1. Give the range 230-248 a look and list any residue that's open to solvent by 30 Å² or more (accessible area, probe 1.4 Å) and assigned to a loop (DSSP other than H, G, I, E, B), or say none.
2. Can you report the number of residues in the range 166-219 which are open to solvent by 20 Å² or more (accessible area, probe 1.4 Å) and under 12 Å from the mean Cα position of the chain (by Cα)?
3. Which residues, counting only those in the range 249-268, are among the hydrophobic types (A, V, I, L, M, F, W, C), under 19 Å from the mean Cα position of the chain (by Cα) and open to solvent by 20 Å² or more (accessible area, probe 1.4 Å)?
4. In the range 229-246, what residues are of a type in the set (Gly, Ala, Ser) and touching a residue at least 12 places away in the same chain (Cβ under 8 Å)?
5. For the range 120-131, which residues satisfy the criterion of being open to solvent by less than 30 Å² (accessible area, probe 1.4 Å), more than 23 Å from Val283 (Cβ to Cβ) and of a type in the set (Asp, Glu)?
6. Do any residues in the range 198-217 that are at positive phi and modelled with pLDDT of 95 or more have Cβ atoms under 7 Å from those of residues that are open to solvent by less than 30 Å² (accessible area, probe 1.4 Å) and outside any helix (DSSP H, G or I), where the two are at least six apart or on different chains, and which pairs are they?
7. Just wondering, is there one or more residues in the range 287-301 that are surrounded by fewer than 18 Cβ atoms within 10 Å (Cβ to Cβ), more than 25 Å from Leu215 (Cα to Cα), at pLDDT 95 or above and touching a Lys or Arg at 6+ places or on another chain (Cβ under 6 Å)?
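The values are calculated or read from the model by the stated rules, or taken from the named source; none is laboratory data. The shown structure was predicted, so the numbers you read here are calculated from the model rather than taken from an experiment. FYI the Cβ positions are ideal-geometry reconstructions off the backbone, even for glycines, and counts take in every protein chain you see. With ligands, DNA and RNA removed, areas are computed over all heavy atoms of the protein, side chains included. Shrake-Rupley method; radii C 1.70, N 1.55, O 1.52, S 1.80 Å.
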Amino acid sequence: MSLSSICCGNFHLLRNSIGNTCCIRLLKYHSRSIYKTLLSIRRHQSRPLSTTVLARSTRKGSKQSFSNSRHVHGESVQSSIEVFKQLELEQLKSLHTYNAEEKISGVKTEWPATILVFDIETSGFSRRDDRIIEFAVRDLMGGKNSTFQTLINPDRDVRNTYVHGISNSMLCRPDVPRFGELIPILLQYVWSRQMDGKPVLWVAHNGRSFDVPFLIFEFRRCKVEMPGDWLFVDTLPIARQLVDSKGSKLSSVSLEKLRERYEIPLTGSAHRAMQDVTTLCYVLQKLTFELKLTVPQLLEKSFRPSDLPASRPEK
């Protein structure tokens, strides 16, 4: 079973979810024992925070739907829904392809893992000294609540605004959470998407060198253990297997170059987390199809946080 076939069969769900809008009040939140852990390590005053999500219904095999009720540190949390522009919706529709395997067999494929494509933006390039300032993730299953994104207050100056356009003034607002406040919401989101008995496979471009180490340090800084069933796969080394029409290796396999190679339209600003996630979703579909990669093969290429030097305590 190829990842491409899974993507093709479910991207219409992703597409149909775009444009569903609502405004939800987050009231009650339970996140296992992590809530007490975060309360004990918090050192700043509680305040409302906002996140951006797309709502989705419960699917078979998932633990529970992402509840529209949350409570963080005793305060209600206001959440609003991101609305894609109609032009962007039409461009995404043009990328839809048909799941030929399901048409031939008549049997829907079973997902061996919950596949989450994610991206981060940061205040700089040092994983130890800088912080995550934007986080976005999309579940390839699609549907409501398949998308989650938020800005994050890093409690420090942003030194690379020229890369992503995110400024200090955008982050130093009372409704923008710090990472410690985001963790319980993120964990609840993942648990709501995760299928029973299946791991979570996080996908990022250059994730091994950049996104995952940053994520590890943020969890460690907040004294929260990353779930043991989270696996990660980096699409950058996979893309390095591609060749051009002459059989030569590609000179660049950056996300931008791959987007151009596969003629994926750019909707919004590049180097913003959700835009890069959307691009990578389609790149992943095309990449695995071209290289004939199956999901088990993709899982074989995955790694755990403990496999990285970044996961080891600093001396």
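1. First, the residues of the range 230-248 that are open to solvent by 30 Å² or more (accessible area, probe 1.4 Å): 237, 240-241, 243-248.
The answer is Arg240, Gln241, Asp244, Ser245, Lys246, Gly247, Ser248.
2. 1
3. Leu255, Leu266
4. If the condition is that a residue be of a type in the set (Gly, Ala, Ser) and touching a residue at least 12 places away in the same chain (Cβ under 8 Å), then Ala239 is the only one that fits.
5. If the condition is that a residue be open to solvent by less than 30 Å² (accessible area, probe 1.4 Å), more than 23 Å from Val283 (Cβ to Cβ) and of a type in the set (Asp, Glu), then Asp130 is the only one that fits.
6. Going by the 7 Å Cβ cut-off, the qualifying pairs are Asn206/Asp234.
7. No, the range 287-301 has no match at all.
Each row is one residue, and each column tells you yes or no for (1) touching an Asp or Glu at 6+ places or on another chain (Cβ under 9 Å); (2) farther than 22 Å from Arg221 by Cα.
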position	(1), (2)
Leu116	yes, yes
Thr147	yes, yes
Thr161	no, yes
Met170	no, yes
Leu186	no, no
